[in-house]
Amino acid sequence: MTQFRVLVALLLRETRATFGTSQIGYAWAIITPAVGVGLLVFIFSQVGRAAPFGHSLALFFATGYLLVEFFNRLSTTLMTGIEANKSLLTYPLVGEIDVLFARSFLITMTYTLIMALFFSTMWALGLAGTPRDPVALIQAFLATAWLGTGFGFFNAAIIGVWDAWRHIEKVLTRPLIFISGVFYVPSLLPQKAVDLLWWNPLVHLVDWFRTGFYPTYPDAILTPWWPLALGGLFFLIGLSVERFTRSFRRLA
């Protein structure tokens with residue numbers, strides 16, 4: 001019960017630190033991803049680009065873009081979670097894992113609201129139909145939360161012992177928007193490209209999410225266990241490194 005109260009207090013603190021004390025801060029966090037999708041749709045519609053699958057360009061881009069942004073937000077925000085809360089970690093009841101889980105929960109709840117509002121608005125405007133398989137949508141979303149949180153734990157632990165990792169991670173994750181199936185259907189690419197893209201767990205998550213909307217979406221590349229296994233591996237490495245280096249950070 002004590003640990004639960006600690007997590008709630010950390011969650012409230014993270015909410016205030018991230019969005020400020022005004023409602024505008026939280027509203028802006030919701031509006032920003034929607035603007036990103038809208039900008040993509042505007043640019044591609046101006047050059048005459050049709051939806052790679054289905055009839056709605058906005059729906060196709062949104063089902064990829066929002067999921068990749070969710071993963072990126074988790075991994076980058078959790079990366080600095082420990083070093084940004086060093087003063088709190090001097091309290092015996094507050095642990096590194098508590099801080100990271102509080103951040104993960106806040107971001108996950110924020111993107112739950114973002115996606116619910118965004119896709120509901122698209123449905124109301126006639127830009128998207130009713131999801132074919134809501135269970136698949138929920139599973140893909142939770143799997144993305146799992147992978148993003150695991151990678152965030154890994155990042156937070158690694159920069160504790162190797163500060164240069166924060167710069168390397170930015171270089172490695174920057175191309176994700178282009179290689180995760182946001183702008184195309186991965187399974188329809190040539191086999192050599194499919195074989196390479198298979199190793200990117202976000203490709204599977206985007207395909208998984210899209211099967212919830214499209215009844216006949218080509219999902220030959222989809223392998224649900226891969227992002228789940230990779231997320232577990234990142235968790236294991238991150239928690240092991242954090243456990244090993246915890247005493248050194250507390251003395252720093």
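Of all the residues in the stretch 197-216, those that are open to solvent by 10 Å² or more (accessible area, probe 1.4 Å), in a loop (DSSP other than H, G, I, E, B), of a type outside the set (V, I, T) and closer than 17 Å to P134 by Cα number 3.
Filter the stretch 229-244 down to the residues that are under 9 Å from L147 (Cα atoms) and not aromatic (F, W, Y), then identify the one that is surrounded by the most Cβ atoms within 10 Å (Cβ to Cβ). Before the answer, list the steps.
Within the stretch 229-244, the first condition is being under 9 Å from L147 (Cα atoms), and the residues that meet it are 229-232, 234-235.
Now restrict to residues that are not aromatic (F, W, Y): 229-232.
Numbers: A229: 13, L230: 18, G231: 22, G232: 13.
Checking each candidate, the answer is G231.
Taken together, A229, A220 contain a single residue that is modelled with pLDDT of 95 or more and at negative phi, which is A229.
When we screen V185, V203 for residues that are in contact (Cβ under 8 Å) with a residue 12 or more places away in the chain and out of contact with any helix residue (DSSP H, G or I) (no Cβ under 7 Å at 6 or more places or on another chain), the only hit is V185.
Applying the condition of being open to solvent by less than 20 Å² (accessible area, probe 1.4 Å) and assigned to a helix (DSSP H, G or I) to the stretch 117-140 and asking which residue is farthest from W28 (Cα to Cα) yields A136. In the stretch 85-97, is there at least one residue being open to solvent by 60 Å² or more (accessible area, probe 1.4 Å) and either closer than 27 Å to L137 by Cβ or modelled with pLDDT of 75 or more (or both)? For the stretch 85-97, residues open to solvent by 60 Å² or more (accessible area, probe 1.4 Å) and either closer than 27 Å to L137 by Cβ or modelled with pLDDT of 75 or more (or both): absent.
For the stretch 160-178, give me the residue count where each residue is surrounded by fewer than 17 Cβ atoms within 10 Å (Cβ to Cβ), under 25 Å from P218 (Cα atoms) and not aromatic (F, W, Y).
First pass over the stretch 160-178, keeping only residues surrounded by fewer than 17 Cβ atoms within 10 Å (Cβ to Cβ): 161-164, 166-168, 170-172, 174-175, 178.
Now narrow it down to the ones that are under 25 Å from P218 (Cα atoms): 175, 178.
Filter once more, keeping what is not aromatic (F, W, Y): 175.
Qualifying residue count for the region: 1.
Yes/no matrix, rows are residues, columns are (1) within 23 Å of I138 (Cβ to Cβ); (2) in a loop (DSSP other than H, G, I, E, B); (3) modelled with pLDDT under 70:
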| position | (1), (2), (3) |
| --- | --- |
| F4 | no, no, yes |
| A27 | no, no, no |
| I30 | yes, no, no |
| F44 | no, no, no |
| A58 | yes, no, no |
| L67 | yes, no, no |
| R73 | yes, no, no |
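The values are calculated or read from the model by the stated rules, or taken from the named source; none is laboratory data. Source: prediction; values computed, not measured. Please note: Cβ atoms are built from the backbone with ideal geometry, for glycine as well, and neighbour counts cover all protein chains shown. The accessibility values were calculated without ligands, DNA or RNA, using every heavy atom of the protein model including side chains. Shrake-Rupley method; radii C 1.70, N 1.55, O 1.52, S 1.80 Å.
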